[in-house]
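What follows is a short report on a single structure.
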Amino acid sequence: MGVPYGRAIRYIFFMAEKAIKKDTAPIPNANKKDKKVIMEQLFSYGTLRSKEIQMRVFNKFLTGTPDQLLGYKLKSLQIEEEFGMADYVVVVASENASDIIHGVAFTISTADLAKADLFESNSYRRVQVKLNSGIMAWVYIEN
């Protein structure tokens, strides 16, 4: 009699443990609405405006609005790449407050902002600026 009783107890514990695991298993996407995605503004005046580059860096097309950065100008910059030197531009502060850089303010997630940081070379650093529209945005300037 001891053996069948023992099996029954083990079976009850087995089923209870199985039910507990089932009830406490994570539900896919259950916490998605709890997680807030923080969005940032990124002002682009060059390469990141390219749809091809956006697909390569972010795996999607970005949406944004035209804007301007006042009191800065563009400077030519050569960056060594895999197959030689490449010509780019970089933002630098200007002595003339009326200097203007035209670009696009993209709304991106902090995760995408981190991807942009990896894409940009060490010739650039990211700072926050106030755009002509009044919004605060990140921009890559000369390092």
Filter on Lys35/Lys73; Lys36/Lys73; Lys35/Lys75; Lys36/Lys60 - keep pairs with C-alpha separation over 31 Å: Lys35/Lys73; Lys36/Lys73; Lys35/Lys75
Förster radius 22 Å - calculated FRET efficiency between Glu142 and Thr107, Cβ distance, rounded to 0.05: 0.35
FRET E, pair Glu95, Lys60, Förster distance 30 Å, beta-carbon r, rounded to 0.05: 0.20
Rough spin-label spacing in nm, given labels placed 7 Å along Cα→Cβ, for Leu70 and Glu52: 3.6
Computed lengthening from Glu81 to Ser133, 0.36 nm per intervening residue step minus Cα-Cα distance: 15.2 nm
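Taken together, the values in this text are just the output of simple stated rules run on the coordinates, not laboratory data. Remember, predicted model here, so these are calculated numbers, not experimental data. Methodologically, a virtual Cβ is constructed for each residue, glycine included, from the backbone with ideal geometry; neighbour enumeration extends over all protein chains shown.
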